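The values are calculated or read from the model by the stated rules, or taken from the named source; none is laboratory data. Predicted, not measured: the structure shown is a model, and the values here were computed from it. Glycine gets a Cβ as well: all are built from the backbone with ideal geometry, and neighbour counts include every protein chain shown. Only protein heavy atoms, including side chains, enter the accessible area calculation; ligands, DNA and RNA are left aside. Shrake-Rupley method; radii C 1.70, N 1.55, O 1.52, S 1.80 Å.
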Amino acid sequence: MKERIKEILNSFFITVTLINVAMLILGKLLEPTQVFGYEAFMYPLIYGLIGTIPSIVIRDKKELSVKQELIRKVMNMLLIIVLMLAFMFGGREITSELIAAAVGVAISIVIIFVLVNLIIWWLDLKTAKDMTEDLLKYQEKQENAIR
Amino acid sequence: MEIKVKEILSEETEYIEIGCHRRDSRVEEIIRFVKLHQGTIEATKQEKQYQIPLSEIYYIEAVDDKTFIYLSKSCYESHKRLYEFEELLADRSFARISKSVVVNLMKITSIKPALNGRFLCQLKNNENVIISRKYVAEIKERLRG
């Protein structure tokens, strides 16, 4: 449970940071003169929360293989896209502008999702390297103890 | 059960003798314990019994209600439950890495990240086993000694 909470929080804060970066870049490119109030600070947090909902809801009882985990990640991402689009555009009339905006949001979500997972993987890679080094030392120690 | 320990001459072969009224499950358990301390565990393959040296075991896996012992290229079955192996082999370079696997730490060549905070152990026979999120902290601690 502790590991799960840690993982969800990890993913939430990385997501919020990347949403901030995405909003900055997209805002500078599309609406450079737009002015926001303090409520703008809330959006990355809300979007980050929506992004973590699938990880909170979906729990695996069985240990998944790497392939199964990849498939689950893709399904997770699709669910985030649906939730985010429903939150942002739900109830509005479908127009060509709305479709273009929705496509833009969906692409941003894919980019952010991939980046979040790449950052987490990179952090895990460092942990794995440390563990491998400790493992080799452990094995050497055990072999010396036998001799 | 009374326990007698007799010191013998260094040139004599050490032995353990059990005096019992009948060879029941309690006696079998003592025999298994002694064998384990000698570095082997009992396992079956095609209804034949074998003594498997601990140093040859790569990992032990529980599948449904059965427990399988994997060597480099062969697999044996055991009547013991996985938690029993976990307890028995805790001080013998074996560690629980997921709900269903106990691995021989001496058979791991490298550790790589898998997805979702899990790690993949590559074994010397090129098989892979997964360290699940729940056991990562314990394994780190164990390897650091």
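Numbers at a glance
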| read-out | value |
| --- | --- |
| 0 to 90° range, to nearest 10: angle between helix A:96-146 axis and chain A longest Cα axis | 10 |
| B:Glu127 long-range amide H proximity, modeled H, under 5 Å | none |
| Sum of side-chain charges, B:Ile8 neighbourhood, beta-carbon under 14 Å (Lys, Arg +1; Asp, Glu -1) | -3 |
| Radius of gyration and Dmax over the Cα atoms of segment A:2-119, both given in Å | 15.5, 51 |
| Accessible carbon and sulfur surface of chain A relative to its total accessible area, %, 1.4 Å | 70 |
| Accessible-area composition of chain B, carbon plus sulfur, in percent [1.4 Å probe] | 47 |
| Nonlocal amide H pairs with B:Leu120, under 5 Å, H built at 1.01 Å | B:Lys112, B:Ala114, B:Ile131 |
| Among A:Leu85, A:Ile99, A:Ile56 - extreme Cα towards positive end, dipole of chain A, charges at beta-carbon | A:Ile56 |
| Phi to ³J(HN,Hα) by Karplus 6.51 cos²θ - 1.76 cosθ + 1.60 over segment B:129-136, Hz, x for Gly, Pro | 10, 9, 8, 7, 3, 4, 9, 4 |
| Added length on full extension, which subtracts the Cα-Cα distance from 0.36 nm per residue, A:Leu45 to A:Lys62 | 3.0 nm |
| Segment B:22-104, dipole about Cα centre (Lys/Arg Cβ +1, Asp/Glu Cβ -1), debye to the nearest 20 | 160 |
| Relative contact order [Cα under 8 Å, 6+ residues apart], segment B:25-144, whole percent | 15 |
| Crossing angle, helix A:66-89 versus chain A [Cα axis fit, 0-90 degrees, rounded to tens] | 20 |
| Surface/4 of the Cα convex hull for the protein assembly as shown, nm² | 23.2 |
| Per residue solvent-accessible surface (Å²) - the protein assembly as shown, probe of 1.4 Å | 68 |
| Average other protein chain Cβ within 10 Å of Cβ, residues B:100-113 | 4 |
| Chains A and B together, accessible area buried on both sides, 1.4 angstrom probe, square angstrom | 2500 |
| Residue pairs, from the table A:Lys141/B:Lys112; A:Lys2/B:Lys66; A:Lys141/B:Lys6; A:Lys67/A:Lys126; B:Lys66/B:Lys140; B:Lys80/B:Lys134, whose Cα atoms sit over 25 Å apart | A:Lys2/B:Lys66; A:Lys141/B:Lys6; B:Lys66/B:Lys140 |
| Sorted largest first, extent of segment B:31-145 alpha carbons per principal axis (Å) | 40, 27, 25 |
| Förster-model FRET efficiency, 30 Å R0, A:Ile53 and A:Glu133, C-beta, rounded to 0.05 | 0.20 |
| Restricting segment A:29-96 to chymotrypsin sites (Phe, Trp or Tyr not before Pro) in coil, as DSSP defines it, with at most 11 other Cβ within 10 Å | A:Phe36 |
| Computed [θ] at 222 nm, helices only, for chain A once each DSSP H run of length n ≥ 4 contributes -39500 (n - 2.57) | -29500 deg cm²/dmol |
| Accessible area of A:Leu9 in the full protein assembly, 1.4 Å probe (Å², nearest 10) | 90 |
